[in-house]
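Participant: Mind having a look at this structure? Questions to follow.
The values are calculated or read from the model by the stated rules, or taken from the named source; none is laboratory data. All of these numbers come straight from a predicted model, not from anything done at the bench. As a convention, Cβ positions derive from the backbone with ideal geometry for all residues, glycine included, and neighbour counts pool all protein chains shown.
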Amino acid sequence: MKPRDSVALLGVGLIGGSIGLALRKRKLARRIIGLGRNSSRLRSARRRGAVTATSTRWETGVAGAELIVVCTPVGQIVEHVLELAEYCTGPTLITDVGSTKRHIVESLEDQLPAHVQFVGSHPMAGSEKTGVRYSRADLFAGRVAIVTPTSSTPKEAIKSVCLLWEALGSRVITMAPGVHDQVVGAVSHLPHVVATVLAAASSRREQQLVSSGWMDTTRIAAGDARLWQQILEDNKVHVLKSIDQFAELLQQFRDALAEDDRRSVSRILKAGKRNRDALGS
């Protein structure tokens, strides 16, 4: 990616802060402006070194920005992109980091000024921890970043967003927004549901005895509950399908165990191990 003169980040928590740190470490932007409503959080981002300047006045913060990355909760992204677009006076590219894509992309299609282009994206990286203090310059290194254009998205805009994530160290995959939501519903949203339900089902007495297995399996349940509620509700159709498919296999496992069907129990256990081992550590 060619170094940019000015990049604006709306939302400077874990993801936004990590983008800023990566841009600075790799010398990909001369100015990185952190935007938000909370002055205290913006100051924290500047102290962390994630941004070079901050502003609660978005119209001032986006002035001259060639690229804007919206890192706010999925329920606010459309509103925020539309507001920021009003303040863009020159050619501007906007992308986001939302965990759902179809609603966001469809809501913004043909709604922006001619000089503003939007391309949806979703870096498959993060943590159950939140806040800029947990941001890391290497958060995206070696991770997948999904870019979700439509048939009407300009090719140069798609290329620019792909180059952004590649420059931050990610392996980029492009897919349609609806396909993204279906796949991510199975490999990201369902695991959060399973981890959360497992954690919620454990009594205080049982929690006194937990060890690494329970802790590893439920780690992601510690994520921000309000943010995850927005994600799950926005992708409800695909999440429900994934839950149903998971519940069917779980029932098969339960029945096999109850009926002493050792062959079926072994088959499912081996399938799980095979799939997990194929991905490495």
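Participant: So, in the range 16-30, exactly how many residues are surrounded by 15 or more Cβ atoms within 10 Å (Cβ to Cβ) and either free of Cβ contacts under 8 Å to residues at least 60 places away in the same chain or touching a Ser or Thr at 6+ places or on another chain (Cβ under 6 Å) (or both)? I'd like the intermediate steps shown before the answer.
Facilitator: Step one: list which residues in the range 16-30 are surrounded by 15 or more Cβ atoms within 10 Å (Cβ to Cβ), which gives 16-24, 28-29.
Subsequent filtering for residues that are either free of Cβ contacts under 8 Å to residues at least 60 places away in the same chain or touching a Ser or Thr at 6+ places or on another chain (Cβ under 6 Å) (or both) retains 17-18, 21, 29.
So the count comes out to 4.
Participant: Out of VAL172, VAL197, VAL187, report the one residue that is under 20 Å from HIS103 (Cα atoms) and either at pLDDT below 95 or not aromatic (Phe, Trp, Tyr) (or both).
Facilitator: VAL187
Participant: Quick check on the range 97-119: of everything there that is of a type outside the set (Ser, Thr, Tyr) and touching a residue at least 60 places away in the same chain (Cβ under 8 Å), which residue is nearest to GLN76 (Cα to Cα)?
Facilitator: Per the criteria, the residue is ILE104.
Participant: Any chance you could count how many residues in the range 168-177 are buried (at least 17 other Cβ atoms within 10 Å of the Cβ) and of a type in the set (Gly, Ala, Ser)?
Facilitator: Total satisfying the criteria: 2.
Participant: Give all pairs with beta carbons closer than 8 Å in which a residue from the range 201-217 that is among the aliphatic types (A, V, I, L, M) meets a residue that is loosely packed, with under 10 Cβ neighbours inside 10 Å; count only pairs at least 6 apart in sequence or on separate chains.
Facilitator: none
Participant: Could I ask something else about it? What residue, among those in the range 31-48 that are assigned to a helix (DSSP H, G or I) and not basic (Lys, Arg), is surrounded by the fewest Cβ atoms within 10 Å (Cβ to Cβ)?
Facilitator: Ranking the qualifying residues of the range 31-48, first place goes to SER40.
Participant: Only one of VAL172, VAL183 is closer than 21 Å to LYS2 by Cα and of a type outside the set (D, E, K, R). Can you tell me which? Outline the logic, then answer.
Facilitator: Details: VAL183 fails: closer than 21 Å to LYS2 by Cα.
Answer to the check: VAL172.
Participant: Something else about it: Within the range 49-58, which residues are surrounded by fewer than 18 Cβ atoms within 10 Å (Cβ to Cβ) and touching a residue at least 12 places away in the same chain (Cβ under 8 Å)?
Facilitator: GLY49, THR52, ALA53, THR56
Participant: Still on this structure, I have one more. For the range 197-281, which helices (runs of 4 or more DSSP H) that fit wholly inside it have 3 or more residues that are touching a strand residue (DSSP E or B) at 6+ places or on another chain (Cβ under 6 Å) and within 30 Å of ILE104 (Cβ to Cβ)?
Facilitator: Details: elements: 204-207, 212-218, 225-234, 236-258, 262-277.
Counting at least 3 such residues, we get no helices (runs of 4 or more DSSP H) at all.
Participant: Same structure, new question: Any chance the range 146-163 includes a residue that's among the aliphatic types (A, V, I, L, M), surrounded by 20 or more Cβ atoms within 10 Å (Cβ to Cβ) and under 22 Å from GLU233 (Cα atoms)?
Facilitator: Yes, some residue in the range 146-163 is among the aliphatic types (A, V, I, L, M), surrounded by 20 or more Cβ atoms within 10 Å (Cβ to Cβ) and under 22 Å from GLU233 (Cα atoms).
Participant: In the range 7-29, is there at least one residue being more than 30 Å from LEU190 (Cα to Cα), assigned to a strand (DSSP E or B), in the same structural domain as LEU139 (by TED's automatic domain parsing) and in contact with a Gly (Cβ under 7 Å, 6 or more places away or on another chain)?
Facilitator: Yes, the range 7-29 contains a residue that is more than 30 Å from LEU190 (Cα to Cα), assigned to a strand (DSSP E or B), in the same structural domain as LEU139 (by TED's automatic domain parsing) and in contact with a Gly (Cβ under 7 Å, 6 or more places away or on another chain).
Participant: Another question about this same structure. Whether any residue in the range 130-140 is surrounded by 18 or more Cβ atoms within 10 Å (Cβ to Cβ), modelled with pLDDT of 95 or more, closer than 23 Å to GLY17 by Cα and of a type in the set (Asp, Glu) is what I want to check.
Facilitator: no
Participant: Considering only residues that are hydroxyl-bearing (Ser, Thr, Tyr) and surrounded by 10 or more Cβ atoms within 10 Å (Cβ to Cβ), look in the range 183-218 and name the one that is nearest to LEU232 (Cα to Cα).
Facilitator: SER188
Participant: Does any residue in the range 247-262 that is assigned by TED's automatic domain parsing to the domain that holds LEU190 come within less than 6 Å, Cβ to Cβ, of a residue that is part of a helix (DSSP H, G or I) six or more places away or on a different chain, and which pairs are these?
Facilitator: The qualifying pairs are PHE253/ILE268; ALA256/SER264; ALA256/VAL265; LEU257/VAL265.
Per-residue answers, yes or no, for (1) assigned to a loop (DSSP other than H, G, I, E, B); (2) of a type in the set (Gly, Ala, Ser); (3) farther than 30 Å from LEU279 by Cα; (4) free of Cβ contacts under 8 Å to residues at least 60 places away in the same chain:
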{"residue": "VAL81", "(1), (2), (3), (4)": "no, no, yes, yes"}
{"residue": "THR95", "(1), (2), (3), (4)": "no, no, no, no"}
{"residue": "LEU139", "(1), (2), (3), (4)": "yes, no, no, no"}
{"residue": "ALA157", "(1), (2), (3), (4)": "no, yes, yes, no"}
